[in-house]
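Heads up, the thing below is written out as structure tokens.
Readers should treat all values here as calculations from the given coordinates under stated rules, not as data from a laboratory. Please read all numbers here as calculations on a predicted model, not as lab measurements. Please note: Cβ atoms are built from the backbone with ideal geometry, for glycine as well, and neighbour counts cover all protein chains shown.
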Amino acid sequence: MKIAVVKELAAGERRVAASPETVKKYIALGAQVSVEAGAGLTASVSDAEYAAAGATVADRAATVAGADIILGVQGPDPASLAGAKPGAWIAAGLNPFGERARVDAYAAAGFEALAMEFMPRITRAQSMDILSSQSNLSGYKAVLDAAAEYGKAFPMMMTAAGTVSAARAFIMGVGVAGLQAIATARRLGAQVSATDVRAATKEQIESLGAKAIFVEKVAGIEGEGTGGYATEMSDEYKAAQAELVSAHIAKQDIVITTALIPGRPAPRLITDAQIATMKPGSVIVDLAVEQGGNVEGAVAGEVVTIHGVKIVGHRNVPSRLATDASALFSRNLYNFLSAFWDKEKNAPVLDEEIGNAIRLTQGGKVVNERLLG
């Protein structure tokens, strides 16, 4: 069983799909591991560290030659995987809705593509969930990015020269990223409030010491979809939410938006008119900017200023913390493969619940219901 770890070629991608720690663990399972030269350099992992862990370090062609499993952070170019075994697994974040042509190419090439972001949100798969591990870091980094752009301090400071008021931070969308953003903003000393369409998050917000801002007495507050994700809300709810947010957002110094709906464009949470009510020098960080953005006027890959408000739209935020993001991503992949490792076959064998959820292609065809539907 040969596991190949390829170097990321997507622009701005600094993460790597295996660490020296997980390389050792794969070898302990009985696998051979080959790592493409330079794969870990942008995540502060040298080729020598992989070699010391027991991996073979080689160029792309030699790395994938005869590989049974190919690991990546983002989906590798199918054309660069010539020489891998027929039916080889590709386990990575594959962006199936946004990169459908690439998924079709995996099928045509005979690969079994496994989209790690389709991992079901069930208890036994928590340690395999790349969305949670990477979103946690995104929420943390979003607050640091906001602090870097904000021209004032976050905490209240009482000095001989007078008092500095605490920044007011508002987190919109309280999933994994939002909860970490709340915790980080609180640690930095901000006055924090948060909102979400899912009623169950109110208790989580308050448990972190933040103020919950919720629409009351309007149908549709129970915005919980399958797998714990948010769903589209009723028009009545959207109108009430917009009114509430408009009143609240005008008083905020920092706003961080994190709302995503799988397979759909990101919902619009903040309009140009709402931005205009904010104080000049305020900062908005849009973590959904690559999926169309929660904020009107946000530009992927740029920091723009609208009505005197900075709108931060960094791409691939986890990659901005490449070393830790890589370590967690690598463990997600190891936890996934090791959970299904069959010692007699010296290979992982997937069950139906998780296998059917994440498998995109098999036998030369696209087989995932979410793509076929």
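In table form, for the structure just shown:
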quantity	calculated
Cα convex hull of segment 219-373, projected area averaged across orientations, nm²	12.7
Alpha carbon centroid spacing (whole Å) that separates segment 268-298 from segment 115-151	20
Column: log10 I(q)/I(0), Debye, Cα scatterers of segment 111-168, q = 0.16, 0.22, 0.24 Å⁻¹	-0.68, -0.89, -0.96
Relative contact order for segment 23-78, counting Cα pairs under 8 Å that sit 6 or more residues apart, in percent	33
Quotient of C-alpha Rg and 2.2 N^0.38 Å, computed over segment 13-59	1.03
Restricting segment 275-373 to chymotrypsin sites (Phe, Trp or Tyr not before Pro) in coil, as DSSP defines it, with at most 16 other Cβ within 10 Å	Phe340
Rounded to 10°, Cα long-axis angle of helix 130-149 versus longest principal axis of the chain	40
Viscosity 0.890 mPa s, temperature 25 °C, Stokes-Einstein D of the chain from Kirkwood C-alpha radius, µm²/s	112
Acute angle (nearest 10 degrees) that the helix 235-249 long axis makes with the longest principal axis of the chain, alpha-carbon atoms	70
Full-extension gain in nm, Val367 to Asp342, via 0.36 nm per residue minus C-alpha separation	6.6 nm
Protection-proxy order for peptides 155-163, 305-313, each taking the mean of Cβ atoms within 10 Å per residue, highest first	305-313, 155-163
Against the rule of thumb 2.2 N^0.38 Å, how large the Cα Rg of segment 30-130 comes out	1.13
Ranked packing of 359-367, 83-91, most packed first, by mean Cβ within 10 Å	83-91, 359-367
For Ile270, net neighbour charge (Lys/Arg +1, Asp/Glu -1) across residues whose Cβ lies under 10 Å away	-2
Residue (of Val312, Ala300, Thr323) at the positive-pole extreme of segment 280-373, dipole from beta-carbon charges	Thr323
Reachable lysines, given that their alpha-carbon falls under 17 Å from the alpha-carbon of Lys24 and they are not under 8 places away in the same chain	Lys2, Lys343
